[in-house]
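Asker: Okay, here's the structure, questions in a sec.
The values are calculated or read from the model by the stated rules, or taken from the named source; none is laboratory data. Here the structure is a predicted model, which is why all the values come from computation and not from measurement. Note that each Cβ is placed from the backbone with ideal geometry, even for glycine, and that neighbours are counted across all protein chains shown. Accessible surface areas use protein heavy atoms only, side chains included; no ligands, DNA or RNA. Shrake-Rupley method; radii C 1.70, N 1.55, O 1.52, S 1.80 Å.
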Amino acid sequence: MSHGNAEKLRIAAFGGFRTIPPRAGSAGADKFAFELYPRLVAKGHQLTAYTRIYPQDRDAPADSYQGIRLLPFRTVSRAGLDTLLHSFKVTADIIFHNRADVVHIMSGANSIWSVFLRLAGKKVVLSQFAMDWKRDKWPWYGKLFYIMSNYLTAYFPHRVVFDNIYTKDYFEKKFGKPFDFVPYGCEVNESGDASGILQKLGLSAGEYFLFVGRFIPDKGVHLLTEAFSHIKTDKKLVIVGGSPNPSNYEMQLKQVSDPRIMFPGYIYGGDTNALMKNAFAYVQPSIIEGLSPVLLTVMGLGTPVVCSDIVENIYITNDNAVHFGTGDAAALAEKLEFALSHVDELATKAAAGKADVENRFSWEKITNEFIEIFSR
């Protein structure tokens, strides 16, 4: 297999990610960029990543990270519109300043820009994640925009890469053409000392359930708080994440009265991994999901998992997690109680899961696959 290392690529990247490294309000696409792009640079390729500056941002934006050139562009805070404005500015900059030969776009919502980039002679590779048009966070016109974008995604980029086989199958059946599949990686830089973050939050190792992610309805966080409030345990539930501009959904979540439920806000890097590593179990209650970077990270750390039985979660976990019926808070409560009373079984599944994901989701292999796609 050729890895394209003979040809040093000039790559520009924009779309679903906001900052490198991730910060408050970041999501899976930010983690994906954070993991993939430094590895591309380490293999000798030149990469320019376009980050976002929001009106509320006060810190001076970074201009580089681990060899990546970071170009920050200003945008607005309004969801949806921020991506549109930012991507318009970025596309113009790539074309008029000839920043790259290959452009990596994240999210099908940005597929319209592939038309202009191709007209300018750029090679365009687009990464499509979950079935975004199904997400409850979007109003009807947002969902319609995503459905229309699917047609642009299918036909205008040179290559489209899916990180989960189910969305890929949907596109292949709908549009009658093949697409690429490259999953997310699972290798984790384990934090050496977890005592700092545990002490700061008043936690003990193995004495809390954990969720890390965005507070949006399709992540199912409301199901988790409801389920947890119905089980009897001295363990805590730690819900990490949030947004600088909280939605009504997020504000309602935080109104729970159960003193065992904690919302410590957004936590970064090694501290997040330390929380994952030392949790009694990680809970993934998602209703809609792509190939979840957080779930892969947790399994790579060898932490037990309780998750919904959507196909994307089962693709990662196989039989190495405790599954519950998607969207069912009562079923989740039942499985949380099962986890509390079957500690040895949980540990066995976690150990098997760690070995399995390390075998199937290697970042080295994934990086080489992207280089090959960019080089073709």
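Asker: Hey, any hits in the range 187-200 for a residue that's surrounded by fewer than 15 Cβ atoms within 10 Å (Cβ to Cβ) and closer than 30 Å to Val125 by Cβ?
Answerer: Yes; the residues of the range 187-200 include at least one that is surrounded by fewer than 15 Cβ atoms within 10 Å (Cβ to Cβ) and closer than 30 Å to Val125 by Cβ.
Asker: Which residue pairs have Cβ atoms under 6 Å apart, sit 6 or more places apart or on different chains, and have a first residue in the range 63-79 that is free of Cβ contacts under 8 Å to residues at least 40 places away in the same chain and a second that is of a type outside the set (A, V, I, L, M) and open to solvent by 40 Å² or more (accessible area, probe 1.4 Å)?
Answerer: From the range 63-79, the pairs are Pro72/Pro61; Phe73/Lys89.
Asker: Scanning the range 27-45 for residues that are free of Cβ contacts under 8 Å to residues at least 40 places away in the same chain and either in a strand (DSSP E or B) or under 28 Å from Ile216 (Cβ atoms) (or both), which turns out nearest to the chain's Cα centre (by Cα)?
Answerer: So, considering only residues that are free of Cβ contacts under 8 Å to residues at least 40 places away in the same chain and either in a strand (DSSP E or B) or under 28 Å from Ile216 (Cβ atoms) (or both), the one nearest to the chain's Cα centre (by Cα) is Asp30.
Asker: Restricting to the range 94-120, name every residue that is open to solvent by 70 Å² or more (accessible area, probe 1.4 Å) and closer than 17 Å to Leu84 by Cα.
Answerer: Within the range 94-120, just Phe116 meets the criteria.
Asker: Shifting gears a bit: Among the listed residues Gly325, Gly290, identify the single one that is in contact with a helix residue (DSSP H, G or I) (Cβ under 7 Å, 6 or more places away or on another chain) and touching a residue at least 24 places away in the same chain (Cβ under 8 Å).
Answerer: After ruling out the rest, the residue left standing is Gly290.
Asker: For the subset of the range 214-238 comprising residues that are open to solvent by 20 Å² or more (accessible area, probe 1.4 Å) and in contact with a Gly (Cβ under 9 Å, 6 or more places away or on another chain), which member is modelled with the lowest pLDDT?
Answerer: For the range 214-238, the residue satisfying everything is Arg214.
Asker: Which pairs turn up if I take residues in the range 162-183 that are farther than 16 Å from Leu36 by Cα and acidic (Asp, Glu) and look for partners that are at pLDDT 95 or above and assigned to a helix (DSSP H, G or I) with beta carbon separation below 9 Å, at least 6 apart in sequence or on another chain?
Answerer: Cβ pairs passing all conditions: Asp180/Glu369; Asp180/Ile373.
Asker: Taking the conditions exactly as written (modelled with pLDDT of 95 or more, open to solvent by 10 Å² or more (accessible area, probe 1.4 Å) and either touching a strand residue (DSSP E or B) at 6+ places or on another chain (Cβ under 9 Å) or on the phi < 0 side of the Ramachandran plot (or both)), does Tyr155 satisfy them or not?
Answerer: Yes, satisfied.
Asker: Does Glu334 qualify as being open to solvent by 20 Å² or more (accessible area, probe 1.4 Å), touching a Phe, Trp or Tyr at 6+ places or on another chain (Cβ under 8 Å), at pLDDT 95 or above and among the acidic types (Asp, Glu)?
Answerer: The answer is yes for Glu334.
Asker: Next question, about the same structure. When residues of the range 281-300 are filtered for being crowded, with 22+ Cβ neighbours inside 10 Å and either of a type in the set (A, V, I, L, M, F, W, C) or touching a His at 6+ places or on another chain (Cβ under 8 Å) (or both), how many remain?
Answerer: Adding up the residues that qualify gives 8.
Asker: For the condition surrounded by fewer than 19 Cβ atoms within 10 Å (Cβ to Cβ), modelled with pLDDT under 90, over 16 Å from the mean Cα position of the chain (by Cα) and more than 23 Å from Ala109 (Cβ to Cβ), what is the one hit in Arg69, Arg78, Arg58?
Answerer: Arg58 is the lone residue from the list that is surrounded by fewer than 19 Cβ atoms within 10 Å (Cβ to Cβ), modelled with pLDDT under 90, over 16 Å from the mean Cα position of the chain (by Cα) and more than 23 Å from Ala109 (Cβ to Cβ).
Asker: Before we move on, is Glu337 of a type in the set (Asp, Glu), touching a residue at least 12 places away in the same chain (Cβ under 8 Å) and within 30 Å of Ala12 (Cα to Cα)?
Answerer: no
Asker: Turning to a different aspect of this structure: Could you please give the count of residues in the range 9-22 that are more than 17 Å from Thr83 (Cβ to Cβ) and either surrounded by fewer than 19 Cβ atoms within 10 Å (Cβ to Cβ) or hydroxyl-bearing (Ser, Thr, Tyr) (or both)?
Answerer: Of the residues in the range 9-22, 2 are more than 17 Å from Thr83 (Cβ to Cβ) and either surrounded by fewer than 19 Cβ atoms within 10 Å (Cβ to Cβ) or hydroxyl-bearing (Ser, Thr, Tyr) (or both).
Asker: Go through (1) buried (at least 16 other Cβ atoms within 10 Å of the Cβ); (2) touching a residue at least 40 places away in the same chain (Cβ under 8 Å) for Gly269 and report which single condition fails.
Answerer: Unmet for Gly269, out of (1) buried (at least 16 other Cβ atoms within 10 Å of the Cβ); (2) touching a residue at least 40 places away in the same chain (Cβ under 8 Å): (1).
Asker: Here is a list of conditions, (1) in a helix (DSSP H, G or I); (2) within 21 Å of Asn359 (Cβ to Cβ); (3) in contact with a strand residue (DSSP E or B) (Cβ under 7 Å, 6 or more places away or on another chain), and Ile316 meets all of them except one; can you say which number that is?
Answerer: (3)
Residue-wise test of (1) within 20 Å of the chain's Cα centre (by Cα); (2) not polar (S, T, N, Q).
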{"residue": "Pro217", "(1), (2)": "yes, yes"}
{"residue": "His230", "(1), (2)": "no, yes"}
{"residue": "Lys236", "(1), (2)": "no, yes"}
{"residue": "Gly241", "(1), (2)": "yes, yes"}
{"residue": "Pro246", "(1), (2)": "yes, yes"}
{"residue": "Met262", "(1), (2)": "no, yes"}
{"residue": "Tyr268", "(1), (2)": "yes, yes"}
{"residue": "Asn273", "(1), (2)": "yes, no"}
